[in-house]
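What follows is a single structure, written as structure tokens, with notes after it.
The values are calculated or read from the model by the stated rules, or taken from the named source; none is laboratory data. This structure is a prediction, so every number in the text was calculated from the model and none was measured. FYI the Cβ positions are ideal-geometry reconstructions off the backbone, even for glycines, and counts take in every protein chain you see.
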Amino acid sequence: MTTSERTKMAAGEWYTCIDDELEALRAAARDAVFEHNNLPPRERGNIAPALRTLLGGAGEGARIEAPFHCAYGFNLFLGDGVFLNAGCTILDTAPVRIGKGTLLGPIVQIYCAEHHREASGRRAGLEIARPVTIGDNAWIGGGAIILAGAGIGEGAIVGAGAVVTRDVPANATVVGNPARIVTRG
């Protein structure tokens, strides 16, 4: 029995992103994102209808400013009152869970995919997906990058431009590249 690339992706195994089923899912996400980014703000509301339908979940009052980009959408879960400022990109090859009341500044990037270390693996489209979880009431500063598998604790602050490569404890503040703790909660 052959396991689909989508099943491998969901299981956190190596999969190839060069796949018809995954491409169809990315195309659906591109269409929903296009609608979101191009509707007049009064018509779009907090999240455009097609994008809201595509998302894994969006709590009460969750808002995504345009422009926005996501890879699949169905792996993105937003808690109540989450705010994503303009220019956020979320490559949700694995689940991305953003807790209630969390704020993402402009141009924040979340990357769940890691490409293969060997050139031959990259040419074959091999990736592995690692989830990202951000706790309630966190603040992610503009231009921050959160890499695959990193978790951000409740109430944590990620400084503008920081590159988060590992877990951030609850109520801590991190800055820099790679992000390092400057205050603990």
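Odds and ends about this structure:
- Test set (1) over 30 Å from Gly159 (Cα atoms); (2) touching a residue at least 40 places away in the same chain (Cβ under 8 Å) - Glu21 fails condition number: (2)
- Criterion: surrounded by fewer than 17 Cβ atoms within 10 Å (Cβ to Cβ) and either among the β-branched types (Val, Ile, Thr) or in contact with a strand residue (DSSP E or B) (Cβ under 8 Å, 6 or more places away or on another chain) (or both) - qualifying residue of Pro178, Pro131: Pro178
- Ala119 being modelled with pLDDT of 95 or more, small (Gly, Ala, Ser) and crowded, with 17+ Cβ neighbours inside 10 Å: no
- Within region 123-152, the set of residues being of a type in the set (D, E, K, R) and at pLDDT below 95 comprises Arg123 only.
- Within the option set Ala129, Ala124, being over 18 Å from Gly176 (Cβ atoms), within 12 Å of the chain's Cα centre (by Cα) and touching a residue at least 60 places away in the same chain (Cβ under 8 Å) holds for one residue only, Ala129.
- Listed by position, the strands (runs of 3 or more DSSP E) contained in region 100-185 that have at least 2 residues being among the hydrophobic types (A, V, I, L, M, F, W, C) and touching a Gly at 6+ places or on another chain (Cβ under 9 Å) are 126-129, 132-134, 173-175.
- Close Cβ contacts (under 7 Å, 6 or more residues apart or on different chains) running from residues in region 166-180 that are in contact (Cβ under 8 Å) with a residue 12 or more places away in the chain to residues that are among the polar types (S, T, N, Q) and part of a loop (DSSP other than H, G, I, E, B) comprise Pro178/Thr165; Ala179/Thr165.
Residue-wise test of (1) over 23 Å from Ala50 (Cβ atoms); (2) buried (at least 19 other Cβ atoms within 10 Å of the Cβ).
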| residue | (1), (2) |
| --- | --- |
| Val82 | no, yes |
| Pro95 | no, no |
| Ile157 | yes, yes |
| Ala162 | yes, yes |
| Asp167 | yes, no |
| Asn171 | yes, no |
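- When residues of region 27-58 are limited to those that are surrounded by fewer than 17 Cβ atoms within 10 Å (Cβ to Cβ) and within 16 Å of the chain's Cα centre (by Cα), the one nearest to Asp92 (Cα to Cα): Gly56
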